[in-house]
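First up is the structure itself, then whatever we jot down about it.
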Amino acid sequence: MSETLEELQEAIRTFDEEGAEEKTRQALEEGIDPQKAIEAATEVLRDIGDKFENGQLFLFDLVSAGDAMNASREILEDEITAAGGERQSEGKVVLGTVEGDIHDIGKKILAALLSANGYEVIDLGVEVPPEEFVAKFEEIQADAVGASAMLTTTKEKQRELVEVLEAEGVREDVIVMVGGAPVTDEWRDEIGADIHGENAFDAVQKLNETKESAIAG
Amino acid sequence: MREGINGGQLQLLTDEQVTAIHDAALQILEQIGLKVESDRALELLAEAGAEIDREDDIAKIPPYLVMDAIETAPRSIRLSARDPENDLMMRPEQSFMSSCQGPPYVYDYESGEERTPTREDVRDSIRLQNELPNIDMTWGMFTLPDEPMLGFIDVYELFANNTKHNCIVSHYGGDLTGKLVEMVEIVAEEEDQITNKNLVTMYNEPVSPLYLRRETTESLLEWTGAGLPLISSPMPDMGATGPMTIAGTAAQGLAESLGGIVIGELNNPGTPMLMGSLPVPMDMRLGSHCYFHSERMFYQSFTGQWARKYGVPVFGTGGISDSFGADFQLGAETAISLYGSVLAGQNLIHDLAVIGSGFRNSLEVLTALDEMVGMIKRVVDGVEVTDETLALDTIEDVGHGGTFLSEAHTRQFGKTELFMPDMLKKREKQDWSHNVALDDAQEKVARLLDEAEPMALPEDVDRQLQETMDEAKHLGKELAVL
């Protein structure tokens, strides 16, 4: 691995967003393949994700490294797109907290863990209307859409998301993930979603399994 | 009048530290400001002298407005019950106990599993609390899933099944809050023995960090506009929605609570309000909320210290656990947090029996904790030191190597000097079995629910309440369509 990519990895490992941006730009100037740079960055985040999962690192380590990784990833993805290419990843996941709900943290943890597992994550933020999820999904042809809701009153928006996907005739083209404190397996079944993540680890594991069975099927 | 507990023996922060946190909170309000998503509230703040950024809805609130609000808020609040003999005076020197609504699951003690609550569970929880001697205020204990009219169902069931307690309800969006006020007024007007209309206290939670959302603020304005008592208390997550440090989260939480107090007192000067802050740290290994943590006692202490500093009663938290069931952790965490809340001098102590990190509520645990409150009352009652209790004559009578068992003095104090718990056993070891305290609590729950005879609502009051709920349901649907 080039020295610059190692420095990029070190920047992510030490939660240095500015350093990660700088090293990413430097890598591109040196003519390094952006796909290779994304893989190098993902490798660090995967290591941090593993260490978080087995209790060696903490949540703030994971989320901070995720932010540094994102700073780098955005530059690299722009570069790939500008060159007319497409990023190679485990899959594209559109994430957001539903309309009327501003709970950000669970979704942020999931975004970091998905990135650590090699997924391309598009985080739409909070208070995302169903139509915005669907528009983004259609724009980038995502593999999965994940909607977080932390209130009993806002989880209804997860149902609306499924309904809008059905109305657009694209329900079968996407894996729908739902999560949040009031969300249960029964709710997932009732609204016709595919995955209910009890927590971020569970969501990533179930997404991996669902993708594999979809490929096998 | 219900008697409170004279807590406040514990002060873990120095006066200088409390003042420094107070100063930091004033700095936060003046320099960083609060985001307030309500034109009405922003206008009130602007008129009073706050600096408003209309682009981002940020209100920078100068210290004098905060100090005026604290001065204006009443020091003691008469909270009414349908039965006025059970009214209570909420004030900085007294502690009162309450459960909490919020948990989405019932902890089913019989199976050890959780299940989704029904309206029947909410009703049972209210009927039980009405019978428990050491619970002072009642909240429907479960959040009904998929029930947008939850708060209305709560208020109705509270009025219909509880006569001894002031009720608590969580906040609602603007116009719906007006309908809740109507329900309170219907009961207050019809039942002429009621001294004032403070029958229901509203819990109103600013979002951390520093954000008063539209719904929260509208309900605050409606409720305080009607002069009804309101709790302004945030739940910052240390390290996530608040700073990682205890002092920093204390300052931010105080600023958030005071923001609500300022708006309420500008809206209706002298309206009864409670301050508070309930930091819930995030477990950085799991990303889960820790309802219990050993440092909770610091937060308990300095909110108790705020109450006495500001002369405004505070919301508190005790009798909670992150354990999901009947185990050592449940006993340890509920006991430590309950003792901490009283000794710290928190006033409206809620959350009793909230377990499983806020996911479960349990009638059995509440019943066991009701007894624990009795033990705490005994402790804070203190030691009586008189000639009679010093017992010099009796000590002399018994002399060297004798026994006190047959002394009149022993019979005189034998039943009163020590609290005798029913559930925490003192028994022979051959009688020991698992979870004996909660087994007893389970029997007690069944017996109390069987015996409960809450005073029925007059028929016309019942009918008016139902009609108001129907109107609210209609209004709720209209709002949902908008």
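The values are calculated or read from the model by the stated rules, or taken from the named source; none is laboratory data. Everything quoted here is computed from the prediction, not taken from an experiment. Ideal geometry is used to build each Cβ from the backbone, glycine not excepted, and the neighbour counts take in all protein chains shown. Quick note on the areas: whole protein, heavy atoms, side chains included, nothing else; ligands and nucleic acids left out. Shrake-Rupley method; radii C 1.70, N 1.55, O 1.52, S 1.80 Å.
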- Query: How high is the relative contact order of chain A, given as a whole-number percent (alpha carbon pairs under 8 Å, six or more residues apart)?
  - Reply: 16 percent
- Message: To check you understand DSSP bridge types, tell me what percent of the beta bridges within the protein assembly as shown (both residues inside) are antiparallel, rounded to 5.
- Response: 30 percent
- Message: Antiparallel versus total DSSP beta bridges in the stretch B:67-380: what percent is that, nearest 5?
- Response: 35 percent
- Message: Give me the tail of P(r) for the stretch B:1-144 as a percent: Cα-Cα pairs with distance above 27 Å.
- Response: 53 percent
- Query: Rolling a 1.4 angstrom probe over the protein heavy atoms, how many square angstrom per residue are accessible across the protein assembly as shown?
  - Reply: 43 Å²
- Task: Taking a cut-off of 15 Å between Cα atoms, list the aspartates and glutamates near B:LYS309, but don't count ones fewer than 8 places away on the same chain.
- Result: B:ASP15, B:GLU16, B:ASP23, B:ASP68, B:GLU71, B:GLU93
- Task: Would you calculate, for chain A, the mean residue ellipticity at 222 nm contributed by helices, counting each DSSP H stretch of 4 or more residues as -39,500 (n - 2.57) and dividing by all residues, to the nearest 500?
- Result: -19000 deg cm²/dmol
- Task: Identify all aspartates and glutamates with a Cα-Cα distance to B:LYS426 below 19 Å; exclude those on the same chain that are fewer than 8 residues away in sequence.
- Result: B:ASP327, B:ASP370, B:GLU371, B:GLU417, B:ASP439, B:ASP440, B:GLU443
- Message: How tilted is helix A:34-53 with respect to the longest principal axis of chain A? Cα atoms for both, answer in degrees (0 to 90, nearest 10).
- Response: 70 degrees
- Task: Could you go through the stretch B:121-127 in sequence order and give the Karplus-derived ³J(HN,Hα) for each residue, using 6.51 cos²θ - 1.76 cosθ + 1.60 with θ = phi - 60°, rounded to whole Hz, and x for Gly and Pro?
- Result: 5, 4, 4, 4, 4, 6, 4
- Note on the structure: For the table B:LYS377/B:LYS415; A:LYS107/A:LYS155; B:LYS35/B:LYS179, the rows whose alpha-carbon distance is greater than 22 Å are B:LYS35/B:LYS179
- Message: What number does chain A give for Rg over Rh if you use C-alpha atoms and the Kirkwood radius?
- Response: 0.98
- Item | Isotropic mean projected area of the C-alpha convex hull, the stretch A:91-216 (nm²) | 6.5 nm²
- Compactness summary of the stretch B:67-380: radius of gyration and Dmax from Cα atoms, Å, are 17.8, 55
- Query: Which percent of Cα-Cα pairs in the stretch A:3-82 sits in each 5 Å bin, short to long?
  - Reply: 3, 19, 30, 23, 14, 7, 3, 1
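For the stretch B:284-433, build the convex hull from the C-alpha positions and give me its volume per residue in Å³.
Values: hull volume 27.6 nm³, N = 150.
Normalising the Cα hull of the stretch B:284-433 by residue number yields 184 Å³.
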- On each of the three principal axes the extent of the alpha-carbon atoms of the stretch B:350-457, given in whole Å and largest first, is 57, 41, 31
- Query: Which net charge results for the neighbourhood of A:ALA83, defined as the other residues with beta-carbon distances under 13 angstrom from its beta-carbon, given Lys and Arg at +1 and Asp and Glu at -1?
  - Reply: -4
- Note on the structure: With all protein chains in place and a 1.4 Å probe, A:ARG188 shows an accessible area in Å² (nearest 10) of 50 Å²
- Item | C-alpha long axis of helix B:174-190 to longest principal axis of chain B, angle in ° | 50 degrees
- Query: What's the angle, to the nearest 10 degrees (0 to 90), between helix B:150-161's Cα axis and the longest principal axis of chain B?
  - Reply: 40 degrees
- What pairs in A:LYS36/A:LYS108; A:LYS51/A:LYS108; B:LYS164/B:LYS473; A:LYS92/A:LYS211 have C-alpha atoms more than 20 Å from each other? A:LYS36/A:LYS108; B:LYS164/B:LYS473
- Projected area averaged over orientations for the protein assembly as shown, convex hull of C-alpha atoms, nm²: 37.9 nm²
- Query: Given the protein chains as shown and a 1.4 Å probe, how many square angstrom of B:CYS100 are accessible, to the nearest 10?
  - Reply: 10 Å²
- In percent, how large is the relative contact order of chain B, given Cα pairs closer than 8 Å and 6 or more residues apart? 19 percent
- Message: With equal scatterers on the alpha carbons only and no solvent term, can you work out the Debye log10 of I(q)/I(0) for the stretch A:66-120 at 0.21 1/Å?
- Response: -0.86
- Remind me, relative contact order of the stretch A:3-82 in percent, using alpha carbon pairs under 8 angstrom and six or more residues apart? 42 percent
- Message: Given the -39500 (n - 2.57) contribution per DSSP H run of 4+ residues, what per-residue ellipticity at 222 nm results for chain B, rounded to the nearest 500 deg cm²/dmol?
- Response: -14000 deg cm²/dmol
